[in-house]
Amino acid sequence: MARAARNYQAGGRPSLGRTLRLALLILGVPLLAYLAAAAILAEPALRLLYDTKYLGFAAALPLISLQYALWFLYFPLQVGLKAMQTTRPIFRAHMLAILSMFTIGGWAIGRWGVYGVIGGQALNALITGAVLWAAWSRPRAGGA
């Protein structure tokens, strides 16, 4: 966060954008590859690590991987917006995500149990990411 803020102060939004793209590239490629492998190899990995004890949850691993991928894709934006002292979109994103958790998330948990929890977390990350990407795409003058 401190490096992002220093880059923004020194070079403005273009410098901050380069920092965030570099972070997404350096961290994102291995992380997203790992998550894809976890999703694709869920059953063999669970069998190898836990025998058959948790094999019934193999279908949850792709959803969990999706949730973590969505979370990762918005996290650098959150750092960038904080570096720019533009925090209103972060607040709005989290408020919308909380609202979805208390409505859609509650319904999903009642309907699908643990899979509803995981789906609700993925929805939370998707909503937060969409709001933050929209805020990043249309920057405003000054912080808010």
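Checking the structure you have, find out if any residue of segment 116-125 is under 27 Å from Ala2 (Cβ atoms), open to solvent by 60 Å² or more (accessible area, probe 1.4 Å) and not hydrophobic (A, V, I, L, M, F, W, C).
No, segment 116-125 has no match at all.
Looking at Leu63, Leu46, Leu55 in this structure, which one is closer than 26 Å to Met101 by Cα and open to solvent by less than 90 Å² (accessible area, probe 1.4 Å)?
Leu63
Residues checked against (1) at negative phi; (2) in contact (Cβ under 8 Å) with a residue 60 or more places away in the chain; (3) touching a helix residue (DSSP H, G or I) at 6+ places or on another chain (Cβ under 8 Å):
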| position | (1), (2), (3) |
| --- | --- |
| Ala69 | yes, no, yes |
| Met84 | yes, yes, yes |
| Thr87 | yes, no, yes |
| Met95 | yes, no, no |
| Thr103 | yes, no, no |
| Gly110 | yes, no, yes |
| Gly113 | no, no, no |
| Leu123 | yes, no, yes |
| Ala134 | yes, no, yes |
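Looking at segment 45-59, I want the residues that are within 20 Å of Gly113 (Cβ to Cβ) and have a partner that is open to solvent by 100 Å² or more (accessible area, probe 1.4 Å) with Cβ atoms under 7 Å, at least 6 apart or on another chain. Which pairs are those?
Listed by first residue and then by second, the contacts come to Leu55/Arg47.
Condition check ((1) within 30 Å of Gly17 (Cβ to Cβ); (2) surrounded by 14 or more Cβ atoms within 10 Å (Cβ to Cβ)) across all residues:
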residue	(1), (2)
Phe75	yes, yes
Pro89	yes, yes
Arg92	yes, yes
Met95	yes, no
Phe102	no, no
Gly110	no, no
Thr128	yes, yes
Ser137	yes, no
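The values are calculated or read from the model by the stated rules, or taken from the named source; none is laboratory data. Quick caveat: nothing in here was measured; it's all calculated off a predicted structure. With ideal geometry, Cβ positions are generated from the backbone for all residues, glycine too; neighbour counts draw on all protein chains shown. Protein only, heavy atoms only, side chains kept; ligands, DNA and RNA dropped before computing areas. Shrake-Rupley method; radii C 1.70, N 1.55, O 1.52, S 1.80 Å.
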